[in-house]
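Asks: The structure that follows is given in the form of structure tokens.
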Amino acid sequence: MNMGKQILLTLVLLTLITFSLSSLFHLQGKEDEAKSEALAPIPDPWITQTIPAGGSIFSVLANLDLPGTEIGMVSWRFGDFIDVTTIQPGDTLRVILNETGDKISKMMFVQEPTIRHLFEARGDSLAYTKEALPVQLRTRILDGTLVTTLDAALLALGLSPMDKQNINNGLEGDIDFQRDARKGDSFRVFIEERIFEGKPLPRAKILYVNYEGVRTGFHELFRYAQDDENSVLNGLYNKEGKSNNSSGVGYPLASIHVSSSFGKRLDPFTGRWANHQGVDYRAAYGTPVYAVAAGTVSSARYNGGYGKEVRIKHPSGMMTLYAHLQNFSVRAGQRVKRGQIIGRVGSTGRSTGAHLHFGLHSGGSFINPSQLRMVGAEKLNKKQMEEFELQKEMIRNQMQNKLSPQVAKS
Ligand SMILES: [Zn+2]
């Protein structure tokens, strides 16, 4: 929306400049106009849809007059390439239909104005390429003092709600804010931003956080990251490599890419709207699947559309479901620990490719698993700690350089 305004403004300015230049130099504007009239304008073949707040890939594609199965299948494939949880309102989806108008032949998804995802239909699948405009990386130190709440202070510094939440979750394990936070407490956040056209894009990388107060004492967190940008271990840890988040619930996979969220979607088999009773994670065949929490296996069997599935009953009363497995390595009645391998990713049952369907059953129905506060690890292991020590050192050095830049000696 801002982009649109900017483009419009630029166009207006350009028109004004052209106009004033032509009047200055008495250019033969009329003659030029007559020539260009001979060329008929080319119609834009792209149909453009903007993702509204709360919208999904399904809802925008459903605006097109296409068979439900086509929309269902294209959306399904779309999720293989794009983690659907990264879709933001304002992102645009552009589509070109085939000659008969009943199939999508090309699709372009423009994300946070710098990334273009291009899809081309090749029979039953989509060929995918990604174009990214260059962005600059910038690190920044944000210092703040508590006036009311940490939330308010972080937002006032210009951090996005998502970044704010990450910082909060990280600190909550160490600090009881309700009891111990006081006006005048101080904090520091060190972030890495991607800058495009002079402005930061959403989702900063939080490299470091500290908090100091009379009652809270001093606490600091550092970012640990693995090479795999989707690794569930990437995040904030305290100096000892503890994640500060003891929700007791882990992730069912080591690397997370959400290909389909919980809720309404068009079924690629029936072409009708249906309620998706879980979250789908993209993963390769054979990827280990972990129990997200300790419990007892209530069933491990072949179950129609879900294919090979495992269900685990947890002491809290909730039940977790892992479906479309290639195989399972547990049996009914067996007790499992959090993080224990229960099977491997497959595509059994009603599935169009390798993925894990993860369901969370509580209070008599399946509920949205994104409500679970999942954590990659309570504590980094020995090998991860070695990497973490190096990364901590680098972050400290980067911050030091920001605080007292080395002046080149002449
Ligand atoms: Zn599913």
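The values are calculated or read from the model by the stated rules, or taken from the named source; none is laboratory data. Keep in mind that this is a model prediction, so the values were computed, not measured. Note that we place each Cβ from the backbone using ideal geometry, even for glycine, and neighbour counts take in every protein chain shown.
Asks: Any residue at all in region 254-272 that is polar (S, T, N, Q), part of a loop (DSSP other than H, G, I, E, B) and within 13 Å of the ligand (Cβ to nearest atom)?
Replies: At the first step, the residues of region 254-272 found to be polar (S, T, N, Q) are 255, 259-261, 270.
Okay, now just the ones that are also part of a loop (DSSP other than H, G, I, E, B), so 261, 270.
Pick out the ones that are also within 13 Å of the ligand (Cβ to nearest atom) and you get 261.
Yes, some residue in region 254-272 is polar (S, T, N, Q), part of a loop (DSSP other than H, G, I, E, B) and within 13 Å of the ligand (Cβ to nearest atom).
Asks: When both residues are 6+ apart or on different chains and their Cβ atoms are under 7 Å apart, which pairs have a first residue that lies in region 182-198 and is more than 21 Å from P113 (Cα to Cα) and touching a residue at least 40 places away in the same chain (Cβ under 8 Å), and a second that is surrounded by 18 or more Cβ atoms within 10 Å (Cβ to Cβ) and among the aromatic types (F, W, Y)?
Replies: Qualifying pairs under 7 Å: D185/Y211; F187/Y211; F190/Y208.
Asks: Listed residues P202, P161; which is under 19 Å from the mean Cα position of the chain (by Cα), in contact (Cβ under 8 Å) with a residue 24 or more places away in the chain and not assigned by TED's automatic domain parsing to the domain that holds R77? Show your work before the answer.
Replies: On the way: P161 fails: in contact (Cβ under 8 Å) with a residue 24 or more places away in the chain.
Going through P202, P161 in turn, just one is under 19 Å from the mean Cα position of the chain (by Cα), in contact (Cβ under 8 Å) with a residue 24 or more places away in the chain and not assigned by TED's automatic domain parsing to the domain that holds R77: P202.
Asks: Let me ask something additional. Checking the conditions here, which among T352, T348 is in contact with a Gly (Cβ under 7 Å, 6 or more places away or on another chain), within 14 Å of the ligand (Cβ to nearest atom) and assigned by TED's automatic domain parsing to the domain that holds T270? Don't jump to the end; show me each part of the working.
Replies: Details: T352 fails: in contact with a Gly (Cβ under 7 Å, 6 or more places away or on another chain).
Selected residue: T348, the only one of T352, T348 that is in contact with a Gly (Cβ under 7 Å, 6 or more places away or on another chain), within 14 Å of the ligand (Cβ to nearest atom) and assigned by TED's automatic domain parsing to the domain that holds T270.
Yes/no per residue for (1) crowded, with 18+ Cβ neighbours inside 10 Å; (2) over 20 Å from the mean Cα position of the chain (by Cα):
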| position | (1), (2) |
| --- | --- |
| K239 | no, yes |
| N244 | yes, yes |
| G248 | no, yes |
| Y251 | yes, no |
| S255 | yes, no |
| V258 | yes, no |
| K264 | no, no |
| N275 | no, yes |
| G286 | no, yes |
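Asks: Restricting to region 274-304, name every residue that is polar (S, T, N, Q) and within 16 Å of the ligand (Cβ to nearest atom). First the steps, then the outcome.
Replies: Filtering region 274-304 down to residues polar (S, T, N, Q) leaves 275, 277, 287, 296, 298-299, 303.
Scanning region 274-304 gives N275, Q277, T287, N303.
Asks: Kindly indicate which of G90, G79 is assigned to a helix (DSSP H, G or I) and either on the phi < 0 side of the Ramachandran plot or surrounded by 16 or more Cβ atoms within 10 Å (Cβ to Cβ) (or both). Give the steps one after another, and end with the answer.
Replies: Working: G90 fails: assigned to a helix (DSSP H, G or I).
Within the list G90, G79, the selection yields G79.
Asks: Then there's this: Tell me, yes or no, whether region 314-331 has at least one residue that is touching a residue at least 60 places away in the same chain (Cβ under 8 Å) and either more than 16 Å from the ligand (Cβ to nearest atom) or of a type in the set (D, E, K, R) (or both).
Replies: no
Asks: Looking at region 76-84, can you tell me whether even one residue there is under 30 Å from L157 (Cβ atoms) and over 16 Å from the mean Cα position of the chain (by Cα)?
Replies: no
Asks: All but one of (1) of a type in the set (S, T, N, Q); (2) exposed (fewer than 15 other Cβ atoms within 10 Å of the Cβ); (3) within 16 Å of the ligand (Cβ to nearest atom) hold for N397, so report the exception by its number.
Replies: (3) is the only condition that N397 fails.
Asks: I've got another one for you. What are the residues in region 297-355 that are aliphatic (A, V, I, L, M), more than 22 Å from R282 (Cβ to Cβ) and part of a loop (DSSP other than H, G, I, E, B), if any?
Replies: Matches in region 297-355: M318, V330, A332.
Asks: Considering (1) hydrophobic (A, V, I, L, M, F, W, C); (2) outside the structural domain of A354 (by TED's automatic domain parsing); (3) under 21 Å from D80 (Cα atoms), say which one V249 fails and leave the rest.
Replies: Failed condition: (3).
Asks: Which pairs have Cβ atoms under 7 Å, sit 6 or more apart or on different chains, and link a residue in region 360-377 that is at positive phi to one that is modelled with pLDDT of 90 or more and of a type in the set (A, V, I, L, M)?
Replies: Qualifying pairs under 7 Å: none.
Asks: Ok, one more. Which members of region 273-289 meet the condition of being assigned to a strand (DSSP E or B) and touching a His at 6+ places or on another chain (Cβ under 9 Å)?
Replies: Across region 273-289, the qualifying residues are H276, V279, D280, Y281, R282.
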